[in-house]
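Step one of this worksheet: look at the structure below.
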Amino acid sequence: MFDFSGLSDAVIAGDEDVVLDLAQKAISAKVDPLSIINDGLIAGMNVVGARFKVNDMYVPEVLMSAAAMKAGVALVKPLLKSGETTTKGTVIIGTVTGDLHDIGKSLVGMMLECSGYAVVDLGVDVSGDDFVAAVKANDARIVALSCMLTTTMLQMKTTIEVLATQGIRKNVKVIIGGAPITQEFADNIGSDGYATDAAGAVDLVTKLLN
Ligand code: B1M
């Protein structure tokens, strides 16, 4: 079995070169690409999150870890996509207004893409109007909202309200997720579903579209 500790440690250290080297070694050893992401890269980022919380790591270090993790994911991502040729539907994804966290959102988008959905990633700090425009431009069936701050959670409600006032709420399913989100909150703001992680988001989209 592949030892993921070096890969996780390199993410924690924000050492992009070592992340790329060890991720490539894992690929060469035919380790499951999803496992490289979950057991190596995300596992390291989880430690970063815990240390950031207790002021044991600071913003510049966290950004270096995030960049190292993203580089690793970019290396592994093409392997996840192999064999996918069809599109099951279009998902518009973004992090809501005022929120700049994009790692979890990007993972959710990537997993959806790997599962055969076309994904339009609007990035971070995305307004309700931008979601509306993207839904219209892409004839999308799902709007996926991410948020990591308690202070931006209510922007999800605002976005759903904008979809309604612009007359397209009935045409799309809205799913939400991110660290502060709960099922209760998802129900209260009138979303169609909530998932705790990227794999859960794929299951949810599949359920909602079938
Ligand atoms: Co921020 N930050 N941050 N941060 N940051 C958190 C979220 C925080 C919990 C840290 C802490 O204090 N413990 C805290 C929020 C506290 C709160 O609101 N109660 C916090 C804070 C306070 C802040 C700032 C305000 C700090 C400051 O400036 N004083 C500031 C806000 C900036 C802004 O957004 N306006 C800030 C800034 C930053 C950085 C820029 C330094 C950086 C972001 C870099 C980037 O994204 N490019 C950063 C980071 C990295 C974190 C932590 C450490 C890690 C987040 C992460 O990427 N996790 C985070 C602490 C933590 O989470 N423990 C923290 C890894 C990622 C794989 O997990 O994002 O949870 P996650 O995504 C998961 C699930 O949540 C889920 O699936 C993903 C994959 O499994 N998911 C979905 C996510 N979206 C989904 C959507 C779905 C379904 C599932 O459906 C649509």
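The values are calculated or read from the model by the stated rules, or taken from the named source; none is laboratory data. Just so you know, these numbers come straight off a predicted model, no measurement behind them. No Cβ is skipped: glycine too gets one built from the backbone with ideal geometry, and neighbour counts run over all protein chains shown.
Worth pointing out:
Conditions (1) buried (at least 19 other Cβ atoms within 10 Å of the Cβ); (2) farther than 21 Å from Leu145 by Cα, marked per residue:
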residue	(1), (2)
Val19	yes, yes
Ile27	no, yes
Asp32	no, yes
Ile37	yes, yes
Phe52	no, yes
Asp56	no, yes
Ala66	no, no
Ile93	yes, no
Lys105	yes, no
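- Residues of region 129-156 that are in a helix (DSSP H, G or I) and crowded, with 21+ Cβ neighbours inside 10 Å: Phe131, Val132, Val135, Thr152, Gln155, Met156.
- Residues in region 1-34 that are among the hydroxyl-bearing types (Ser, Thr, Tyr) and either touching a residue at least 24 places away in the same chain (Cβ under 8 Å) or in contact with a Pro (Cβ under 7 Å, 6 or more places away or on another chain) (or both): Ser8 alone.
- From Val162, Val119, Val126, residue being crowded, with 19+ Cβ neighbours inside 10 Å and either in contact with a Lys or Arg (Cβ under 8 Å, 6 or more places away or on another chain) or at pLDDT 95 or above (or both): Val126
- Residues located in region 104-136, provided they are of a type outside the set (Gly, Ala, Ser) and away from the ligand (no atom under 14 Å from the Cβ): Asp129, Asp130, Val132, Val135, Lys136
- Every residue from region 14-34 that is within 17 Å of Leu63 (Cα to Cα) and in contact with a Leu (Cβ under 7 Å, 6 or more places away or on another chain): Val19, Leu20
- Between Ile36, Ile93, the distinction of being under 17 Å from the mean Cα position of the chain (by Cα) and over 29 Å from Asp130 (Cβ atoms) belongs to Ile36 only.
- Residue in region 189-206 that is out of contact with any Ser or Thr (no Cβ under 7 Å at 6 or more places or on another chain), more than 22 Å from Tyr117 (Cβ to Cβ), polar (S, T, N, Q) and surrounded by fewer than 16 Cβ atoms within 10 Å (Cβ to Cβ) present: no
- Pairing each residue of region 47-71 that is without any contact (Cβ under 8 Å) to a residue 40 or more places away in the chain and closer than 16 Å to Leu107 by Cβ with any residue that is more than 7 Å from the ligand (Cβ to nearest atom) and not in a helix (DSSP H, G or I), provided the two are 6+ apart or on different chains, yields C-beta distances under 8 Å for Val48/Met57.
- Meeting the requirement of 2 or more residues that are within 12 Å of the ligand (Cβ to nearest atom), the helices (runs of 4 or more DSSP H) wholly within region 1-98 are 5-13, 43-53, 59-81.
- Tally of residues being in contact (Cβ under 8 Å) with a residue 40 or more places away in the chain, hydroxyl-bearing (Ser, Thr, Tyr) and in contact with a strand residue (DSSP E or B) (Cβ under 7 Å, 6 or more places away or on another chain) across region 164-210: 1
- Residue selected from region 165-176 under the condition β-branched (Val, Ile, Thr) and over 24 Å from Lys53 (Cα atoms), by the criterion surrounded by the fewest Cβ atoms within 10 Å (Cβ to Cβ): Thr165
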